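The values are calculated or read from the model by the stated rules, or taken from the named source; none is laboratory data. These numbers come from a predicted model, not from an experiment. As a convention, Cβ positions derive from the backbone with ideal geometry for all residues, glycine included, and neighbour counts pool all protein chains shown.
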Amino acid sequence: MTDLVQSAEQCGCTILVVEDEAMIRMMLVDELEDAGFKVIEAENADVAIVRLNSCPDIGVVITDVRMPGSIDGFGLAIWMREHRCSIPIIITSGFSTPPDIKSTNPSITKILVKPYRPQDVARYLIDIVAQRETN
């Protein structure tokens, strides 16, 4: 068992992946599961809110910005700040994001520009979980 897989399995938290593009979502979910994470999927922010309300063990959310539905990824981050502010959020986007977005929403821990490597996301998640456990 690799150190990455062992670390992911030991964290015990569930990752919520919110991505409307099915192929990107499947690639990321597969990589995270291969790394040892438990993963839940949502195809938009509306579904993500349902998942967040029904699954208390979600420990990190990875969300795209532009998605169909009543709110986008930034709207989801705002909703999370208002309802579950302790969960780290990783924003992904193929478009430029406002440089001050992290200062307006401190729960956003990282902004990843597409294309990104799913294995890098898995490693970053290990770091986030490890930091939360030491605080």
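With respect to the conditions (1) in contact (Cβ under 8 Å) with a residue 12 or more places away in the chain; (2) over 23 Å from residue 115 (Cα atoms); (3) out of contact with any Cys (no Cβ under 9 Å at 6 or more places or on another chain), residue 43 lacks only one, and its number is (2). Among the residues of segment 19-37, those identified as buried (at least 17 other Cβ atoms within 10 Å of the Cβ) and either of a type outside the set (Asp, Glu) or free of Cβ contacts under 8 Å to residues at least 60 places away in the same chain (or both) are 20, 24, 25, 28, 29, 32, 35, 36, 37. Taken over segment 110-133, the criterion of being loosely packed, with under 12 Cβ neighbours inside 10 Å and at pLDDT below 75 is satisfied by 131, 133. Taking the criterion of being out of contact with any strand residue (DSSP E or B) (no Cβ under 8 Å at 6 or more places or on another chain) and modelled with pLDDT of 65 or more, the only residue of segment 89-109 that qualifies is 95. Taking the conditions (1) closer than 23 Å to residue 119 by Cβ; (2) in contact with a Lys or Arg (Cβ under 8 Å, 6 or more places away or on another chain) in turn, residue 22 satisfies each one other than (2). For segment 69-88, taking the residues that are of a type in the set (A, V, I, L, M) and either closer than 18 Å to residue 54 by Cα or at pLDDT below 85 (or both), the one that is surrounded by the fewest Cβ atoms within 10 Å (Cβ to Cβ) is identified as 87. Restricting attention to segment 57-96, the residues that are more than 15 Å from the chain's Cα centre (by Cα) and either closer than 15 Å to residue 15 by Cβ or of a type outside the set (A, V, I, L, M, F, W, C) (or both) total 7.
When only residues in segment 1-18 that are at pLDDT below 95, out of contact with any Phe, Trp or Tyr (no Cβ under 6 Å at 6 or more places or on another chain) and not in a helix (DSSP H, G or I) count, which is farthest from residue 121 (Cα to Cα)? The residue in question is 1.
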